[in-house]
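All of the numbers you see were taken from the coordinates with simple rules; none came from a lab. These figures come from a predicted structure and were not determined experimentally. Methodologically, a virtual Cβ is constructed for each residue, glycine included, from the backbone with ideal geometry; neighbour enumeration extends over all protein chains shown.
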């Protein structure tokens, strides 16, 4: 089973686009740090609690020694927040794939040998595993682009064009 550590921004995007149920319907092992959960202030954040209670999303609370390691990452990588460092630490500890939209965290993770994907990969997985239709993916991605203008426009357009064409 593939382990995924979720940064807050991925979960926020999924909550905003109402795709959180479909995301947790994927056959992955989902993890999140308590720091990342505490960053999420969406009105429907209670949805995450349901997945945590159902053990579909494993929320990590760290002990003192782990917090020291996370803090040492924050000192080493000054541009990363404590939440970012908790995700970096957790992905490294679990040998998991990190899901993030944060470019600085993405680069640091890659330099540390951690596989990293973003929200567009999540959309690809949702379509690939029939959790959403290509048409719904286009609609939701257009919605997300309006909410999150930092998404790479060319990559978004490539996906929407591919999804509109359907299977080859």
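Out of [x] 42, 38, 27; [y] 51, 33, 31; [z] 41, 32, 28, which label holds the value of Cα extents along the principal axes in Å that was computed here?
[y]
Quick one: 150, 56, fewest Cβ neighbours within 10 Å first, how do they rank? Could you put the intermediate results ahead of the total?
Numbers: 150 10, 56 16.
So the residues, fewest neighbours to most, are 150, 56.
For a quick check: sort 7, 21 by the number of other beta carbons within 10 angstrom, fewest at the front.
Numbers: 7 29, 21 12.
Ranked by crowding around the Cβ, least crowded first: 21, 7.
Rounded, prolate or oblate: which one fits region 9-52, using the alpha carbon gyration tensor with axes a ≥ b ≥ c (rounded when a/c is under 1.5, else prolate when a/b beats b/c, else oblate)? All intermediate terms of the calculation are to be shown ahead of the outcome.
On the way: a/c = 1.66, a/b = 1.16, b/c = 1.43.
Here region 9-52 falls in the oblate category.
Hey, for a label at residue 115 modelled as a point 7 Å past Cα toward Cβ, could you say which residues of region 1-15 have their backbone N under 13 Å away?
Flagged as within label range: 1-5.
How much FRET efficiency would the formula 1/(1 + (r/R0)^6) give for residue 55 and residue 130, where r is the Cβ-Cβ distance and R0 is 35 Å, rounded to 0.05? The partial results should precede the final answer.
On the way: r = 24 Å, r/R0 = 0.68.
So the FRET efficiency works out to roughly 0.90.
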